[in-house]
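Engineer: Have a look at this one before I ask anything.
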Amino acid sequence: MNSAIYTGKVRHRRFSPKSHEFKYRLYLNWIDLDEVNEIFKYPPFLGRGQFPSLISFRRKNYLNSPTEDLKEAVKDLLETDLGFRPNGKVFTLTTLQYFGYCFNPVSFYYAYDSEGSLQAVAAEINNTPWDQRFSYCLDLRKSHKKEFEKEFHVSPFMPMDMDYKWYFPPPKDGLSIHMQNFKDKELKFDATLKLKRSTFSLRNMLSHALIYPAMPFKVSLGIYLHALILWLKKIPFYDHPQTTSKQKEYSHE
């Protein structure tokens, strides 16, 4: 089986206008999208939504085309954005649905060629509290480091006029992701994910669900808790650009 479980830590650091840092342990699922039917066939423990399950893989939780096969949807997205279509396996790094609830600040899709070389990554971001989705597609055929402009409002405590620098080394026994935010070439924020691989099995899935209970609830509550801390620190608040635009339009009228 190619699917796996990755466990480790995520760290967030904000450097200005005031410092703020936190880290916590987590686990994420590394799912070979060709193995979904094989893995999620054990309700009430692992299911695909046909029957109530403790842990579920639901197509509606990923990308915006719930009727299309997810693997093909990822390849379609990459082909549209990058101009080429990877012809190998596609994996998603994600948190699954627990007790009927699923929340991912970001799900990553790793696309390979037929020889197993990493070709591209799509990062599907969900912003809070607006619950919108947006995907950045990165061509990794020549370099695993990418720099680009921010296009999507993620946090109300970050402005839009920022630049990103992201690093995606090919996952092996370890998996790491490093993401940096710059404004006027000054580093304002970074996030680092460092994980270790373990075997994917029903037993391991259930044991990780007990060791790290209710991951999507924990992540969602953590976002609001740290938002409160940032607000108490008087970090500037940035309205969603669409909201600001509508307010200006209404005022003008």
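The values are calculated or read from the model by the stated rules, or taken from the named source; none is laboratory data. Computed from a predicted structure; not experimentally measured. Ideal geometry is used to build each Cβ from the backbone, glycine not excepted, and the neighbour counts take in all protein chains shown.
Engineer: Among the residues of segment 188-205, count how many are part of a strand (DSSP E or B) and either free of Cβ contacts under 8 Å to residues at least 12 places away in the same chain or not β-branched (V, I, T) (or both).
Structural biologist: As a first pass, look at segment 188-205 and keep what is part of a strand (DSSP E or B): 188-199.
Within this subset, residues satisfying the condition of being either free of Cβ contacts under 8 Å to residues at least 12 places away in the same chain or not β-branched (V, I, T) (or both) are 188-191, 193-198.
Residues that pass the stated criteria total 10.
Engineer: Right, next: From the list A122, A111, pick out the single residue that is farther than 22 Å from F40 by Cα, touching a residue at least 24 places away in the same chain (Cβ under 8 Å) and small (G, A, S). Even if it seems obvious, please write down each step before you answer.
Structural biologist: Working: A111 fails: farther than 22 Å from F40 by Cα.
The unique qualifying residue is A122.
Engineer: What's the number of the only condition in (1) over 30 Å from I235 (Cβ atoms); (2) at pLDDT below 95 that K196 fails to meet?
Structural biologist: Unmet for K196, out of (1) over 30 Å from I235 (Cβ atoms); (2) at pLDDT below 95: (2).
Engineer: Also, I was wondering about something else. Only one residue in L70, L93, L140, L63 is within 19 Å of the chain's Cα centre (by Cα), on the phi > 0 side of the Ramachandran plot and among the hydrophobic types (A, V, I, L, M, F, W, C), so which one is that?
Structural biologist: Answer to the check: L63.
Engineer: Then there's this: Taking into account only those residues within segment 116-132 that are outside any strand (DSSP E or B) and touching a strand residue (DSSP E or B) at 6+ places or on another chain (Cβ under 8 Å), which is surrounded by the most Cβ atoms within 10 Å (Cβ to Cβ)?
Structural biologist: Within segment 116-132, the first condition is being outside any strand (DSSP E or B), and the residues that meet it are 116-117, 127-132.
Next cut, touching a strand residue (DSSP E or B) at 6+ places or on another chain (Cβ under 8 Å) only: 127, 132.
Numbers: N127: 16, Q132: 14.
It comes out as N127.
Engineer: On to the next question. So which of D81, D76, D113 ends up being at pLDDT 95 or above, surrounded by 14 or more Cβ atoms within 10 Å (Cβ to Cβ) and touching a Gly at 6+ places or on another chain (Cβ under 9 Å)? Break it down stepwise before answering.
Structural biologist: Values: D81 fails: touching a Gly at 6+ places or on another chain (Cβ under 9 Å); D76 fails: touching a Gly at 6+ places or on another chain (Cβ under 9 Å).
Answer to the selection: D113.
Engineer: Which one is farthest from S3 (Cα to Cα) among residues in segment 31-64 that are touching a strand residue (DSSP E or B) at 6+ places or on another chain (Cβ under 7 Å) and part of a helix (DSSP H, G or I)?
Structural biologist: Out of the qualifying residues, it is N61.
Engineer: In segment 37-59, how many residues are of a type in the set (A, V, I, L, M, F, W, C) and free of Cβ contacts under 8 Å to residues at least 12 places away in the same chain? Don't jump to the end; show me each part of the working.
Structural biologist: Initially, segment 37-59 is screened for residues of a type in the set (A, V, I, L, M, F, W, C), giving 39-40, 45-46, 51, 54-55, 57.
With free of Cβ contacts under 8 Å to residues at least 12 places away in the same chain added as a condition, the list becomes 51.
Looking only at that region, the number is 1.
Engineer: Evaluate the following for L46: is it surrounded by 16 or more Cβ atoms within 10 Å (Cβ to Cβ) and closer than 25 Å to C137 by Cβ?
Structural biologist: Working: surrounded by 16 or more Cβ atoms within 10 Å (Cβ to Cβ): yes; closer than 25 Å to C137 by Cβ: no.
Spelling it out, it is not the case that L46 is surrounded by 16 or more Cβ atoms within 10 Å (Cβ to Cβ) and closer than 25 Å to C137 by Cβ.
Engineer: Okay, moving on. Can you tell me which of (1) acidic (D, E); (2) touching a residue at least 12 places away in the same chain (Cβ under 8 Å); (3) not in a loop (DSSP other than H, G, I, E, B) is the one E21 doesn't meet?
Structural biologist: Looking at each condition in turn, E21 falls short on (2).
Engineer: Consider only pairs whose beta carbons are under 6 Å apart and that are at least six residues apart or on different chains; among these, list those whose first residue lies in segment 67-91 and is within 17 Å of R141 (Cα to Cα) and whose second residue is of a type in the set (K, R) and assigned to a helix (DSSP H, G or I).
Structural biologist: R85/K75; V90/K71
Engineer: If I filter segment 8-43 down to residues being among the hydrophobic types (A, V, I, L, M, F, W, C) and under 19 Å from the mean Cα position of the chain (by Cα), which single residue comes out as surrounded by the fewest Cβ atoms within 10 Å (Cβ to Cβ)?
Structural biologist: We begin by selecting, within segment 8-43, every residue among the hydrophobic types (A, V, I, L, M, F, W, C); these are 10, 15, 22, 26, 28, 30-31, 33, 36, 39-40.
From the residues that got through so far, the ones that are under 19 Å from the mean Cα position of the chain (by Cα) too are 10, 22, 26, 28, 30-31, 33, 36.
On the way: V10: 18, F22: 13, L26: 19, L28: 25, W30: 21, I31: 23, L33: 22, V36: 18.
In this case the residue turns out to be F22.
Engineer: Look through segment 218-253, keep the residues that are of a type outside the set (S, T, Y), at pLDDT below 90 and part of a helix (DSSP H, G or I), and return whichever of them is surrounded by the most Cβ atoms within 10 Å (Cβ to Cβ).
Structural biologist: Only one residue tops the list, namely K218.
Engineer: How many residues are surrounded by fewer than 17 Cβ atoms within 10 Å (Cβ to Cβ) and among the hydrophobic types (A, V, I, L, M, F, W, C) when one looks only at segment 87-110? Break it down into steps so the answer makes sense when it comes.
Structural biologist: Our first condition is that a residue be surrounded by fewer than 17 Cβ atoms within 10 Å (Cβ to Cβ); within segment 87-110, this holds for 87-88, 99-101.
Cutting the leftovers down to among the hydrophobic types (A, V, I, L, M, F, W, C) gives us 99.
Count: 1.
Engineer: Another one. Go through segment 133-187 and tell me which strands (runs of 3 or more DSSP E), entirely inside it, have 1 or more residues that are within 28 Å of I229 (Cα to Cα) and basic (K, R). Break it down stepwise before answering.
Structural biologist: On the way: elements: 133-139, 145-149, 163-167, 174-183.
Strands (runs of 3 or more DSSP E) meeting the threshold: 133-139, 163-167, 174-183.
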